[in-house]
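Here is the structure we will look at.
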Amino acid sequence: MAKTWGQVQTQLRRVILNDTEYTAYSDPDLLKDALEMALITLAQHTAMATATSVTLDANQSVVNLPAELFESPENAGLVFYEGSTTASRQYLAPVNYTPKGDLETEGFYILPDTQLNLTTTSTTSRVLTLQYFAHYPVPVNDDSLVYYPSWGYAALLLFTGAYAFTHRVVDNAEINRWNNREQGPQEASATMQMQKHLFELAETELRRYPTQDRVNYWTVDRG
């Protein structure tokens, strides 16, 4: 079941952070930053599979890549011209780009990181589709839905809590420094121990599920 950022925050404060009074984490942006880091970590294991299409003008050779792109389509994903049927799609393969090189082979390359370049163009308009892997969007407000893998809610809470604990770890270190207290090994910090424990629980949760095979996620018969 999809949850809003407000619902996730409430459960995070109650179950992980023990902060239902909004005292230790009164700054909402702090928790949102921690969530963003957790979503990036989750995407490294399982990113969001999605697609977008663009209608190319005649002789257009450059397409802007989606801002939320997680992994280059040269490494994972599909690029193809749409056809009248699925079977008539024309798939494009990545090519090695070198300045002044031979680019007569139909395909694409990425340069710079935000642009997809077609090595050949058409004199007529065509629809180009990109199937790709994306970052999970960061919620804008409390009513925004939070997206994550279908199995990943526990890992999301644990990673968000662990990243949020960094704030308290740094605060404790600053207090100890300015009070000139004797400090033993950092591992002696109860806050740091708790953060370490949360990361371990989150990593254990991740290991319960196979890592996404992005290279072979979309398989097609290219003839």
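In table form, for the structure just shown:
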| item | result |
| --- | --- |
| Stokes-Einstein D in µm²/s, Kirkwood radius over Cα pairs - segment 36-163 at 25 °C with 0.890 mPa s viscosity | 148 |
| Interchain or long-range residues, amide H under 5 Å from Lys3's placed H | Val146 |
| Förster radius 35 Å - calculated FRET efficiency between Thr105 and Ile40 (Cβ-Cβ, nearest 0.05) | 0.50 |
| Angle between the chain longest axis and helix 153-178 axis [Cα atoms, degrees, rounded to 10] | 50 |
| Residue-span extension gain [Val140 to Asp113] - 0.36 nm each, minus C-alpha spacing | 7.2 nm |
| From the C-alpha gyration tensor of the chain, square roots of 5λ in Å | 45, 19, 16 |
| Degrees, to the nearest 10: 190-207 long Cα axis against longest axis of the chain | 30 |
| Calculated [θ] (222 nm, deg cm²/dmol) that DSSP helices of n ≥ 4 give over the chain, each run adding -39,500 (n - 2.57) | -10500 deg cm²/dmol |
| Residue-span extension gain [His197 to Gln90] - 0.36 nm each, minus C-alpha spacing | 33.6 nm |
| Net charge dipole size for segment 48-134 [Lys, Arg +1 and Asp, Glu -1 on Cβ; Debye, nearest 20] | 160 |
| Angle in degrees between helix 28-45 and the longest Cα principal axis of the chain, rounded to the nearest 10 | 50 |
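Bear in mind these aren't lab numbers, they're just calculated from the coordinates by the rules spelled out. Remember, it's a predicted structure, so these values are computed and weren't measured experimentally. FYI the Cβ positions are ideal-geometry reconstructions off the backbone, even for glycines, and counts take in every protein chain you see.
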